[in-house]
Structures are given as structure tokens and as C-alpha cells.
Amino acid sequence: MNKKLILMATFMMVCLLTFGQNVGSSPEYIKALTPEWKGERFPDGRPKVSDAVLERLKNISLEEAWGVLRNKGFNNQFEGDWTIIHPEEAMTGRVVTAQYMPLRPDLEKYVKEQGKKENRSQKGGTNSWPIDVLVPGDVYVADGYGKIADGTLIGDNLGNSIYTRGQRGVIFYGGVRDQEGLTEIEGFNGWVKGADPSYIYQMMLTSINTPIRIGRAIVLPGDVVLAKKYGVIFIPAYLAEELVITSEVTALRDEFGHLRLKEKKYLAGQIDSEWTDEIKKDFMNWLSTYPGKLPMTQKELDEYFKDRNW
């Protein structure tokens, strides 16, 4: 084994040991999980996808986003069948993850002792700890293993705290209580598996900002989430910007195709198959005189089509 491989193995072992000892992941571990991200990061190591990309992502359909991810080999990023606080409002943001498990006293004792060493709040339950790390633009994503009765991770008090810190909301593979109160928090939204009046019971937090499973999807800390009426998609941070512009161009192509079909300029088979040079030229001319405001800059559009295989 050469020196480079030994150093890499040592680094990964340190990361794994850090993960095993801490409730919250170290910045080094999160960086090791997300090496493809080359941009700015938060102090905790999570990728800092820009606010502008998050805002544009709201206008992307789930189908468009899904298509881009599938083409990149990411087949396990979608989960559907949610109870949604405000179904007509899309939510995007940067993910903070939390893992919950059925309560086991010896492990719970360790988690609380470790949390004390990490200077986490010793008042209230450990389900407040993930909230304490949120910053503006964060979405709190938790695996509550589908538990609803006695599995309510938050009520309206914690909901207010979540919105105050992250200015977004939550995605829980589990339950909430005080659903009526949560709907009254202006700006807050949530995708959950159900609501129940019970309190959290026989359930414990085990980790913050580690890989988790949300139904069919696997989620990493720092992923970007697109949550809409018909489901939720988790996007690797390094693909977020490319996914946005690719989806925006796809939407423009669809708009152009629908228009030309209504005008009976082309046949359905022509629009539905690989475009001819004539249609491509027509599309580019249509873009140059687009009647509305394009979602991307001309520079971004030029870069997208540069040496692109249609």
C-alpha cells in the first residue's frame, strides 16, 4: 500500500471514529460525505448552495428534477404520500438531518452524556437539539421511522423555533402534534407522515447530520430539498445548479413544443423525437424573442448550449 492510500485510509478511519463518537457529525465527516461539492461551506461542513439557486428551484417540477437525477444515476431520491401543512406552497432549502430510533435506555444515556460534552441543551428533550443547529435556509429533515402515535417530533412551540431559526420548515418520516397550531405559523411548512395529539414517547434521537433514510430516499446533510404538493426530492448539493438550469431549459422546450403543436407547424412525432436542425433553429430563434422573462441569464443559456448534444 503506497503512502497516499495509507493517508486516505487513516483519514477515513478518523472520520468514521468521529461519527461513531459524536451525536453531531464533525465538519470533516460531512466534507468526506460530500467531496464533489467545490463551493462555499457552512462552519459545520455542509455545502452552502446559493439562495438564488434555492429560489429558482421552487419553479422546477418534480418530474423535471427526477429526470435529471435519474440520468445522473440517482434513483433513490424521491418520497411521496405526505400529509402537508400548506400543500399549495413549495419549499426548498438546505438539509439538516436527524435520526430517531426506538428508545433503548443504555444508548439514550450515552447520547445524553455525549450531548453534554458537545454543549447541547440539557433542558427539555433531545428532539430540540437538531433545531438548535438550524440557520436561515435550512430544512429540518428527520427519520422518525414512520412512528406517528407517540412519535410526534414537534408541536407548535418547537415549530415556531424551527421557523425562527431556519425560516423554512420540516420533512419528517414520522409525526407531529398541534397540527392546527403549526398551520398558524406564518411561513412555516411541513411534510410529515401524520399527526397525533400524543407526545413523543419511547423514542430517542441518535444522531444529527448523518446519512438517513426517508422512505424510498437516502438523504445526506447539505442536500438540497425540493418539496411540493405531490412529493419530495432530495438533490445532492453539487448537482443542484445543473439540475435547475437543465430543468428550466426542459420546461422551455416543452413550452415551445406545445406552442408549435397548437399552431400545427410540426407533427407530434417530430416534437416527441430527436429534433431536426430546422426545429432546433426555430427553438433558438423563439428563445431570442421569448415574450416573458427567461428564468436564467443569457450567459447561463449560452453555457448550457455550448457543445451540447441535443
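The values are calculated or read from the model by the stated rules, or taken from the named source; none is laboratory data. Everything quoted here is computed from the prediction, not taken from an experiment. Glycine also receives a Cβ, built like all others from the backbone with ideal geometry; neighbour counts cover every protein chain displayed.
Per-structure values
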item: Sole exception among (1) within 20 Å of the chain's Cα centre (by Cα); (2) modelled with pLDDT under 95; (3) not hydroxyl-bearing (Ser, Thr, Tyr) for Gln122, by number; result: (1)
item: Residues located in the stretch 70-80, provided they are surrounded by fewer than 20 Cβ atoms within 10 Å (Cβ to Cβ) and not polar (S, T, N, Q); result: Arg70, Lys72, Gly73, Phe74, Gly80
item: Set Lys280, Lys264, Lys228: member being modelled with pLDDT of 95 or more and not assigned by TED's automatic domain parsing to the domain that holds Tyr100; result: Lys264
item: Index of the failed condition, Tyr110 passing every other in (1) touching a helix residue (DSSP H, G or I) at 6+ places or on another chain (Cβ under 6 Å); (2) of a type in the set (Ser, Thr, Tyr); (3) free of Cβ contacts under 8 Å to residues at least 24 places away in the same chain; result: (1)
item: Boolean, Ser128 is closer than 20 Å to Ser161 by Cβ and without any contact (Cβ under 8 Å) to a residue 40 or more places away in the chain; result: yes
item: Sole residue being acidic (Asp, Glu) and either crowded, with 22+ Cβ neighbours inside 10 Å or touching a strand residue (DSSP E or B) at 6+ places or on another chain (Cβ under 6 Å) (or both), chosen from Glu113, Glu108; result: Glu108
item: Residue among Leu153, Leu103 that alone is surrounded by fewer than 16 Cβ atoms within 10 Å (Cβ to Cβ), in contact (Cβ under 8 Å) with a residue 12 or more places away in the chain and touching a strand residue (DSSP E or B) at 6+ places or on another chain (Cβ under 8 Å); result: Leu103
item: Residues located in the stretch 273-310, provided they are exposed (fewer than 12 other Cβ atoms within 10 Å of the Cβ), under 19 Å from Ser247 (Cα atoms), among the charged types (D, E, K, R) and without any contact (Cβ under 8 Å) to a residue 12 or more places away in the chain; result: Lys293, Lys299, Asp302, Lys306, Asp307, Arg308
item: Any hit, the stretch 139-149, residues being closer than 18 Å to Glu184 by Cα, assigned by TED's automatic domain parsing to the domain that holds Gly190, modelled with pLDDT of 95 or more and of a type in the set (Phe, Trp, Tyr); result: no
item: Matching residues in the stretch 88-136 - criterion: being aliphatic (A, V, I, L, M) and assigned to a strand (DSSP E or B); result: Met91, Val95, Val96, Ala98, Met101
item: Odd one out for Gln167 among (1) in the same structural domain as Val139 (by TED's automatic domain parsing); (2) in contact with a helix residue (DSSP H, G or I) (Cβ under 9 Å, 6 or more places away or on another chain); (3) of a type in the set (S, T, N, Q); result: (2)
item: Verdict on Gly292 being over 23 Å from Thr92 (Cα atoms) and modelled with pLDDT of 95 or more; result: no
item: Failed condition for Pro295, given (1) touching an Asp or Glu at 6+ places or on another chain (Cβ under 8 Å); (2) more than 21 Å from Leu57 (Cβ to Cβ); result: (2)
